[in-house]
């Protein structure tokens with residue numbers, strides 16, 4: 001069972017783009033949530049993946065995710081306010097545990113922080129779970145959390161039924177206080193949490209390095225346009241003749257018009273970058289853009 005604990009906080013980037021973090025495209029074909037679900041299935045996970053959201057309207061972003069073989073996907077709208085990430089997971093455990101056999105939950109819950117980059121070795125993580133421990137936390141070689149955590153049933157019993165309860169500040173101390181151990185498993189060289197433009201572009205670069213698709217099947221790059229680096233072109237987007245896109249994200253339905261330049265930037269869904277505009281290091285439309293001088297060209 002995977003809890004989308006990222007939904008318990010709304011990152012600035014997600015608010016500015018009108019998409020929950022887990023619904024942001026992470027490559028040309030998949031959202032962050034879809035990539036996580038695919039990685040879990042590829043690693044041998046079978047069972048129910050529960051996507052926890054805090055805003056009911058966000059559920060629509062996950063309704064069309066295709067479940068891999070042996071996997072069921074459910075969306076849970078969290079109505080309890082100010083519970084914190086561990087509080088939400090504890091609530092889910094109390095709701096679901098009576099309906100599951102020990103074989104169903106294997107002694108605990110697998111929790112995915114869906115705002116993290118889905119670029120880790122989940123097969124290694126799953127095989128490292130020791131049900132006698134309190135928790136297993138995935139990390140990068142630099143000791144940055146990689147987004148995967150397994151929490152034993154005995155540890156989940158430490159979560160109170162009411163009030164705010166955080167993983168790092170409250171659950172881990174509560175576990176150690178009752179003698180439960182917390183172990184780490186290095187699952188990736190580099191990880192990041194998506195929260196702003198820079199971290200989103202970094203996450204895309206990490207996924208692209210692991211085989212993420214650069215272009216959606218229906219994305220259009222007109223003759224004379226150039227797309228470089230770790231750019232992704234999402235569903236229904238168009239890059240017109242003479243335009244240059246470098247290390248950028250062109251979100252669904254957006255258009256980069258003729259001779260425009262977009263570098264290290266994000267073009268929101270349905271937006272049009274006008275002909276000849278220069279968009280650098282920004283979320284287009286958020287800070288304003290400038291028209292290029294006559295000496296700047298779009299294609300090379």
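The values are calculated or read from the model by the stated rules, or taken from the named source; none is laboratory data. Worth saying up front: this structure is predicted, and the values here are computed from it rather than measured. Heads up, the Cβs are rebuilt from the backbone with ideal geometry, glycines too, and the neighbour counts pull from every protein chain shown.
If a residue must be assigned to a helix (DSSP H, G or I) and in contact (Cβ under 8 Å) with a residue 40 or more places away in the chain, how many such residues does the stretch 47-86 contain? The total comes to 6.
When the stretch 257-268 is examined, which residues are found to be buried (at least 18 other Cβ atoms within 10 Å of the Cβ) and under 25 Å from the mean Cα position of the chain (by Cα)? The answer is 262, 264, 265, 266, 267, 268.
Each row is one residue, and each column tells you yes or no for (1) surrounded by 22 or more Cβ atoms within 10 Å (Cβ to Cβ); (2) under 25 Å from residue 127 (Cβ atoms).
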position: 162; (1), (2): no, no
position: 170; (1), (2): no, no
position: 182; (1), (2): no, yes
position: 195; (1), (2): no, no
position: 206; (1), (2): no, yes
position: 231; (1), (2): yes, no
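Of all the residues in the stretch 209-242, those that are out of contact with any strand residue (DSSP E or B) (no Cβ under 7 Å at 6 or more places or on another chain) and either modelled with pLDDT of 95 or more or over 19 Å from residue 24 (Cβ atoms) (or both) number 9. Each residue in the stretch 4-25 was checked for being modelled with pLDDT of 90 or more and in a helix (DSSP H, G or I), and 3 pass.
Of the set (1) under 16 Å from the mean Cα position of the chain (by Cα); (2) at pLDDT 90 or above, all apply to residue 54 but (2). You will find that of 249, 217, 186, 238, the residue that is crowded, with 17+ Cβ neighbours inside 10 Å and farther than 30 Å from residue 149 by Cβ is 238 and no other. When residue 44 is tested against (1) within 22 Å of the chain's Cα centre (by Cα); (2) touching a residue at least 60 places away in the same chain (Cβ under 8 Å); (3) under 20 Å from residue 149 (Cα atoms); (4) surrounded by 17 or more Cβ atoms within 10 Å (Cβ to Cβ), exactly one condition is not met: (4).
Summed over the stretch 219-234, residues that are out of contact with any helix residue (DSSP H, G or I) (no Cβ under 9 Å at 6 or more places or on another chain) and in a loop (DSSP other than H, G, I, E, B) total 6.
Residue 96 fulfils the conditions (1) touching a strand residue (DSSP E or B) at 6+ places or on another chain (Cβ under 8 Å); (2) at pLDDT below 90; (3) loosely packed, with under 15 Cβ neighbours inside 10 Å except for a single criterion, (3).
Set side by side, the residues 207, 249, 182 differ, and just one is in contact with a helix residue (DSSP H, G or I) (Cβ under 9 Å, 6 or more places away or on another chain), under 26 Å from residue 36 (Cα atoms) and in the same structural domain as residue 155 (by TED's automatic domain parsing), which is 182. Counting only residues that are buried (at least 17 other Cβ atoms within 10 Å of the Cβ) and under 18 Å from the mean Cα position of the chain (by Cα), the stretch 57-87 holds 8 of them.
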